[in-house]
Amino acid sequence: MHRRFQGVVIVVGIICILAGSSVLAEGDWPGFRGPGHDGAVPADEGALSRDSLTLDLAWKRALGPGYSSIAVVGDRLVTMFTASEVDVMAAFRTDTGDEIWRYAIADNYAGHDGSHDGPISTPVIGHGRAFGLGPRGQLFALDLATGAEIWKINLVEDLEATVPYYGFSTSPLLADGVLVVEIGAEDGKAIAGFNPEDGSLLWTAGDDTIEYHSPIVAGIAGEQQVVAAGQENIYGLNARSGEVLWQYKHEGDKRAIGGLTIVPLPAGEGRLFLMNKVDSSVMLKVVKKRKSYRVKELWTSTTIKNSYVPPVYHDGYIYGMSNRIFTCMDAATGEIQWRSREPGDGFPVLVGDRMVMVTKPGSLHVVRATPDGYQELASLDLFGEHSWSEVSYSQGHLYARSMAHLARIDPVQGAGGMVASRQQVPVEREGDFSRFLVQVASSSDKKAVVDTFLAGQKSFPIIGDLGDVHFVYRGESDDVGIVGDMIGFRREDPMTQIEGTDFFYYTTVLEPDAAVTYGFIMDYAEPTPDPLNPRTDEGVMGELSWFAMPAWDAPDFLEEADASKQGRLESMTWESEILEGEEQVVQVYLPAGYDAAGDRQYPTIYVLNGKAALEDGKMKQALDHLIGNAIEPVVGVFVQDQEDNPRRSPEAMALYVDMLAGELLPRVEKAFHTEPVPLRRAIVGAGRAGNMALMASFKRPDLFARVGVQSAMMGVSDFADFEVSEATTPKVIYLEWGTYHLRSPHEGWDMAENNRELWAHLREAGYRPAGGEVHEGFGRACWNGHTDEMLTALFPLRREDEEGRE
């Protein structure tokens, strides 16, 4: 269903004039994904079409952060970014990069929970105007020549649109004289058409939720249609009237890297490729029979998946990122054609049969679009910093931006230049491993040299004399990559193969007391543990290998204590009314001597995600060893829920805290000899359970005056509302995290930095938390090394307990 509004007929004449008076010329790149809305333009006669070319930097200038791509028309380009405390749209000269004008959109939209500062949407240029959409819903039109505001509306205030969690990111487009925007309002207003002359609303259509989707224009059944995806459906619309010509439920998974970020890709007449799920994609076919349309699914495939990057289509093949691997897929079948780790995770656009890619670390590459394999023609180390916007191509020039710079690059005829290999850290100088590499390279019997070298190693990975760490793999694989805490989340690095062998290696440098998890990826499959290392740990990427440097302080409580020091576990179960009938399972640790102590009351430690803490964290053994030696006797309450019910939303977390207060505490304190005062209760958790522990202790200090947290998975917004005054915060705080905590080098989020900010926030409020930063990664094997420190900080051994022990 669509809605048209009074006045539509009156403005039809104006729209027709506007449609015929566009200032666009052949070769312009007027908005998101270029003139064809598919990231592609035809070949021209410029240097980019030559096999022998190089990339020259014409100019580069400073720019603020933002995801907005670059629109180029004639002699000027337009993009959006943050300038100091304000989000702006600005125009620049294409020949020099000099700024022509800038327009203040609103106060800076600050990045949060994995995003950088600044606007996300890309402007569109047409009819002598630049149209933009700010993160908070400011839709506006500016005079392209001067930057003067022509009109402005607010999608939230004027049309009751819903702001997505990361702000409005959809990019407007001009189609048949109408400005089309996915606004995400309710009651049939998911998509809207506006009069570009004055911003008046012409029509709305679609009942759907819009997150980070953008519309395109595609040729279907011989006519140009607006094609727009929402959270549930994909729509084909008449741009002039807003009539929904067809719609189809695309079965997306409602994940950020999946159904919430769909940008349809035209892939032949009536064919639309959708990255609709985190683990798969789908090809649809839209056909028209008489006056009705029919949509059918041609195939689903796992070849291209798990990426925010929109792909491109050329001569029957789709080229795009699958995870962090550049992939070519047969558009007819969804089958893989080839994969390449080079040039790295990035954003392809197509100029003729040349793909131009800017990678997230900021390098630029020209690659031949061919099903015959990855063939790089030229490259340039352009930015050396985060870049999250596709390249624009206009009149023979390339325009690119990063989070800090804007640049023009000129393809010129000449020998291509290659970016240096993305090999990690140089191997140790004059060490055993470097001598091995020299020896195997010069040997006529490389296999024997490798055999001898591996046989001489006591453990893996190999730790060199200067802190170098060499991760090695031997096996029949064409490609091996490595993931790990030391590299970062959503990133994998290539391992180097010694020519003529099946031996792969990766070298880095770690602190003497570091501990991390890592794994190998053989031939682009899923990460697996190192077959040469028997130590494993379960983490966010599944079961991987784990290792520690020689100075890491290993826990000494992994073995069982003497029988006289062992406590026991008792179970409690009930169906929670607060959590609507969910069964709650709790294991209660009672210390040695509990039964003989009569009415003595004990302090209590409530441990969230208690099953993992007992089984993988060996916390019962830790309590057995520490009680009477480092900590006073305590009752431990191991709450089993968190592992299978992460309860990520603030509302779900608050409800869980209500259950702890209203159901768990009364049951524990009725059944066992515990001290019913806040200062004698602690709540602890690791990972996401640490978030819950922090919420419980800060929101309910009347219950928990002590809190212990390891590697909280926090964004700034998670603790922005915490009260830290004397009256409301816990009195004893243990906060510990790793330098190699979860972080994405290419996405702007770093849990270690978030924990540092929380630590500073607490200290500024006058508190002195124990713990701090350690040179470790994320996972139970790392946390185990500090369990004793946490428990000792919360309930240190008191003098009377020491005297009792004596």
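The values are calculated or read from the model by the stated rules, or taken from the named source; none is laboratory data. Small disclaimer: the values here were computed from a predicted structure and weren't measured. Here Cβ is always computed from backbone atoms with ideal geometry, including for glycine, and neighbour counts include all displayed protein chains. Areas reflect the complete protein model, heavy atoms only, side chains present, ligands, DNA and RNA absent. Shrake-Rupley method; radii C 1.70, N 1.55, O 1.52, S 1.80 Å.
Couple of notes before you dig in:
- Kirkwood radius, the stretch 585-633, all distinct C-alpha pairs, inverse of mean reciprocal distance: 11.9 Å.
- Cα gyration tensor, the stretch 444-535 - rounded (a/c under 1.5), prolate or oblate: oblate
- Assuming charge only on the beta carbon of Lys and Arg (+1) and of Asp and Glu (-1), the dipole of the chain about its Cα centre is about 1920 debye to the nearest 20.
- Legend: residue pairs 670/699; 458/618; 249/296; 565/618; 60/360, Cα-Cα distance threshold 20 Å; pairs beyond threshold, 670/699; 458/618.
- Between residue 686 and 710, the built amide H atoms are under 5 Å apart, and every one of these is 5 or more places off in sequence or on another chain.
- Prolate is the label for the stretch 267-369, because the ratio a/c of its alpha-carbon gyration tensor axes (a ≥ b ≥ c) is 1.5 or higher and a/b is greater than b/c.
- Computed FRET value (nearest 0.05) for residue 535 with residue 655, which takes r as the C-beta separation and R₀ as 51 Å: 0.85
- Each residue of the stretch 491-497 is assigned a 3J(HN,Hα), and the resulting list reads 8, 9, 10, x, 9, 8, 9 Hz, derived from the Karplus form 6.51 cos²θ - 1.76 cosθ + 1.60 (θ = phi - 60°), x at Gly and Pro.
- Per residue accessible area of the stretch 477-626, 1.4 Å probe, in Å²: 44
- Amide H partners (placed H, <5 Å) of residue 602, local residues excluded: 674, 675
- Ordering 233, 41, 127 by the projection of their Cα atoms onto the charge dipole of the chain, which places +1 on the Cβ of Lys and Arg and -1 on the Cβ of Asp and Glu, puts 127 at the extreme positive end.
- All aspartates and glutamates inside 17 Å of residue 288 as judged from Cα atoms, apart from same-chain residues fewer than 8 positions distant: 223, 243, 269, 297
- For the stretch 126-248, the square roots a ≥ b ≥ c of the C-alpha gyration tensor eigenvalues yield an a/c of 1.5 or more together with a/b not exceeding b/c, which makes the shape oblate.
- A Förster radius of 56 Å combined with the Cβ-Cβ distance from residue 677 to residue 499 puts the calculated FRET efficiency at roughly 0.25.
- Accessible area per residue, Å², the stretch 262-396 with all protein chains present, probe 1.4 Å: 33
- Dipole magnitude for the stretch 338-414: computed about the Cα centre from +1 point charges on Lys and Arg Cβ and -1 point charges on Asp and Glu Cβ, it is near 100 debye.
- Applied to the stretch 268-277, the Karplus parametrisation 6.51 cos²θ - 1.76 cosθ + 1.60 on θ = phi - 60° returns per-residue 3J(HN,Hα) values of x, 3, x, 9, 10, 9, 10, 8, 9, 9 Hz, with x for Gly and Pro.
- Taking the stretch 357-384 and a reference point 7 angstrom along Cα→Cβ of residue 51, the backbone N atoms nearer than 16 Å belong to 367-378.
- Mean sequence separation of contacting Cα pairs (under 8 Å, at least six apart), scaled by the length of the chain, corresponds to a relative contact order of 8 percent.
- Zero-based 10 Å bins, Cα pair distances in the stretch 200-247, whole percents: 27, 57, 16, 0
- Estimated translational diffusion coefficient (Stokes-Einstein, Kirkwood radius over Cα pairs, 10 °C, 1.306 mPa s) of the chain: 54 µm² per second.
- Cα centre as origin, Lys/Arg/Asp/Glu Cβ charges: the stretch 167-311 dipole, Debye: 740
- Counting only DSSP H runs of at least 4 residues, each contributing -39500 (n - 2.57), and dividing by the residue count of the chain, the helix-based mean residue ellipticity at 222 nm comes to -4000 deg cm²/dmol.
- Dipole of the chain computed with +1 at Lys/Arg Cβ and -1 at Asp/Glu Cβ about the Cα centre; of 593, 377, 437, farthest Cα towards the positive end is 377.
- Average 1/r across all pairs of distinct alpha carbons in the stretch 749-799, invert it, and you get the Kirkwood radius: 12.7 Å.
- For the chain, carbon and sulfur atoms together expose 48% of the accessible surface, with a 1.4 angstrom probe and every protein chain in place.
- Ligands, DNA and RNA are left out, and with a 1.4 angstrom probe the accessible area of the stretch 24-86 is 39 Å² per residue.
- Along the stretch 524-533 the Karplus relation, 6.51 cos²θ - 1.76 cosθ + 1.60 evaluated at θ = phi - 60°, assigns HN-Hα couplings of 6, 7, 7, x, 9, x, 6, x, 8, 10 Hz to successive residues, with x for each Gly and Pro.
- Built amide H within the under 5 Å cut-off of residue 101, gap 5+: 91
- Candidates 687, 654, 608 compared by Cα position along the dipole of the chain: farthest toward the positive end lies 654, with charges placed on Cβ.
- Available extension along the chain between residue 152 and residue 198 is 15.7 nm, counting 0.36 nm per residue and deducting the alpha carbon span.
- Those GluC sites (Glu not before Pro) in the stretch 480-542 that DSSP places in a loop and that have at most 16 other beta carbons within 10 Å: 499
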